[in-house]
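The values are calculated or read from the model by the stated rules, or taken from the named source; none is laboratory data. Note that the structure is predicted; figures quoted are calculated from it, not measured. Here the Cβ is made from the backbone with ideal geometry for all residues, glycine too, and neighbour counts use every protein chain on show.
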Amino acid sequence: MPENAKIEALFDNIAPNYDRLNKLMSFGADRVWRKRMVGKLKNSQADTVLDVATGTADVALSLAKAGYSVTGTDISERMLEIGRKKLEANGLAEKVELLRAEAERLPFSDASFDAVTVAFGVRNFGNLNAGLSEMCRVLQKGGRLFVLELSYPDNRLLFFLYKLYALHIIPFVCGAISGNPGAYRYLPKSILQFPKSEAFASLLRSAGFENIKEFSFSFGVCRLYVAEKS
Ligand SMILES: C[S@@+](CC[C@H](N)C(=O)[O-])C[C@H]1O[C@@H](n2cnc3c(N)ncnc32)[C@H](O)[C@@H]1O
């Protein structure tokens, strides 16, 4: 796992290009995947939502548009700055609080939120177990955690093609556009190294969750885990 300080510097550095490179890398699917997560959340009873690793606030924005009371946290101040501008542009700056905080040390008391979301964030946490436990602590009993994370296909042929794309094309294209090839070598590698399915469910259980469900999108390139605080 990377150190939080290095991750903060990485996201501060790529923040100005983050949104457009995300769209480019995923051929626009990132927006669809976030929408599907927000759609699942709408099926559960929640009013207050914490969006951890909110970045440029896309999830926070959709949740606020849907009427939830939203707080977003992230370690990268430059990602948050872009998020604040987006919220202002949508007239939602007053409705969403964005603050700098590490997922491993959330500045909220126990059971403060009805739901917690985290999109494409957990695989970057310096201490994954601590981050998952913190998200459990701030959830109220029975509240749900929604983890959206990039992954890779189970099918062998698709996995081979995916690896070619992730390890060779993404670093080359996104590295050139962002001027930070190191960041775009790290990001795809971190996807391949991150635990998926049962391995990730087991970490969720250890952190205090139960009734874990996994949804696979785009042949497993993106996965959503929904877990309930036990
Ligand atoms: C790939 S971006 C995802 C941003 C956003 N959730 C989205 O859907 O586009 C990952 C974000 O996680 C944040 N992050 C990484 N590690 C973190 C940690 N330990 N605590 C809080 N934020 C973290 C980064 O600063 C970055 O903004």
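Looking at Asp12, Asp51, which one is within 10 Å of the ligand (Cβ to nearest atom) and surrounded by 19 or more Cβ atoms within 10 Å (Cβ to Cβ)?
Asp51
Name every residue in the stretch 97-137 that is buried (at least 21 other Cβ atoms within 10 Å of the Cβ), more than 7 Å from the ligand (Cβ to nearest atom) and aromatic (Phe, Trp, Tyr), in order of residue number.
Hit for the stretch 97-137 is Phe113, nothing else.
Does Arg144 fit the bill of being under 24 Å from Met79 (Cα atoms) and not small (Gly, Ala, Ser)?
Considered against the rule, which asks whether it is under 24 Å from Met79 (Cα atoms) and not small (Gly, Ala, Ser), Arg144 comes out as no.
Quick one: count up the residues across the stretch 178-194 that are away from the ligand (no atom under 16 Å from the Cβ) and either assigned to a helix (DSSP H, G or I) or buried (at least 16 other Cβ atoms within 10 Å of the Cβ) (or both).
1
Can you tell me which residue in the stretch 1-52 is farthest from the chain's Cα centre (by Cα), limited to those that are acidic (Asp, Glu) and more than 24 Å from Asn129 (Cβ to Cβ)?
If we take residues in the stretch 1-52 being acidic (Asp, Glu) and more than 24 Å from Asn129 (Cβ to Cβ), then Asp47 is farthest from the chain's Cα centre (by Cα).
So Leu92 fits all but one of (1) more than 10 Å from the ligand (Cβ to nearest atom); (2) among the hydrophobic types (A, V, I, L, M, F, W, C); (3) touching a residue at least 12 places away in the same chain (Cβ under 8 Å); (4) assigned to a helix (DSSP H, G or I); what number is the exception?
Failing condition for Leu92: (4).
Of everything in the stretch 221-230, what is within 15 Å of Glu149 (Cβ to Cβ) and either in a strand (DSSP E or B) or over 16 Å from the mean Cα position of the chain (by Cα) (or both)? Give them in sequence order.
Cys222, Arg223, Leu224, Tyr225, Val226, Ala227 - these are the residues of the stretch 221-230 that are within 15 Å of Glu149 (Cβ to Cβ) and either in a strand (DSSP E or B) or over 16 Å from the mean Cα position of the chain (by Cα) (or both).
Go through (1) closer than 14 Å to Phe120 by Cα; (2) modelled with pLDDT of 95 or more; (3) part of a helix (DSSP H, G or I); (4) of a type in the set (D, E, K, R) and name the single condition Lys23 misses.
(2)
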